[in-house]
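The values are calculated or read from the model by the stated rules, or taken from the named source; none is laboratory data. Treat the numbers as computed from the prediction; the structure is a model and nothing was measured. As a convention, Cβ positions derive from the backbone with ideal geometry for all residues, glycine included, and neighbour counts pool all protein chains shown. The accessibility values were calculated without ligands, DNA or RNA, using every heavy atom of the protein model including side chains. Shrake-Rupley method; radii C 1.70, N 1.55, O 1.52, S 1.80 Å.
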Amino acid sequence: MNIKKLLKNAVLSVGVLSLMSASSYAGNFACVDTQAVMQKSTFAKSLGKSLNDRVAQIKKKLQSYESQLQNLQKEIESKALSKQAKKEKIKEYENLRLQALEYQQDAQKELQSMQEKAGKEFTEALKTAVTNYAKSHNLEAVFDCNQMLYTADSIDITNTIIKALDSSHK
C-alpha cells in the first residue's frame, strides 16, 4: 500500500509541477495581428500611399495613350484623308499602340518591384519592432494572432507594436 500511495503522490506532484510550469511558460508568448498592423499603422499606410500614387500616375498616362489612339482611329476612318495620309496615320497609330503597350509592361514591372520593396520594408520594420518588444519583455515567441485558433486579449500586443512601428518611422 505504501508503494501505491507513494506512486500516487509522485504522479500528482508531477502533474502539479507540469501545470505550474505550463502556466508560467504561457506568459512568455504574445501575438500580433499583422493585418491590423497593415491597416492601422501610419507607416504601412505611407508605404501603400506611395504605391497608390504611382498607380494613379500610370493610369493617367495609359488613359492619355488610349485617348490619343482613339483620336488617331477617328482620323484613320475619316474619308477626307488621302491614301498616303491614311498610311501615315496607320503607321503613327501602330507606333503609338506599341509605345503604350511597352509603357504598360514597364509599368507593371515597376509596380511589382515597388510592391516587393514595400513588402520587404514593412516586414523588416515589423520584425524589428516585434523583436525589440519581445527581447525587452523576455518573450519566448510572438505569433501572428490570425494564425492562432484562440488568443487571450492579454497576449495581443498589436496596438503596442503599431505605436512602436510608427514612432520608429516618422
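Counting only helices (runs of 4 or more DSSP H) that sit completely within segment 28-147, those holding 2 or more residues that are open to solvent by 70 Å² or more (accessible area, probe 1.4 Å) and among the hydrophobic types (A, V, I, L, M, F, W, C) correspond to 83-136. Is it the case that L47 is in contact with a Ser or Thr (Cβ under 8 Å, 6 or more places away or on another chain), among the hydrophobic types (A, V, I, L, M, F, W, C) and on the phi < 0 side of the Ramachandran plot? Considered against the rule, which asks whether it is in contact with a Ser or Thr (Cβ under 8 Å, 6 or more places away or on another chain), among the hydrophobic types (A, V, I, L, M, F, W, C) and on the phi < 0 side of the Ramachandran plot, L47 comes out as no. Screening the candidates Q105, Q147 for the property of being under 16 Å from V37 (Cβ atoms) and not β-branched (V, I, T) yields one hit, Q147.
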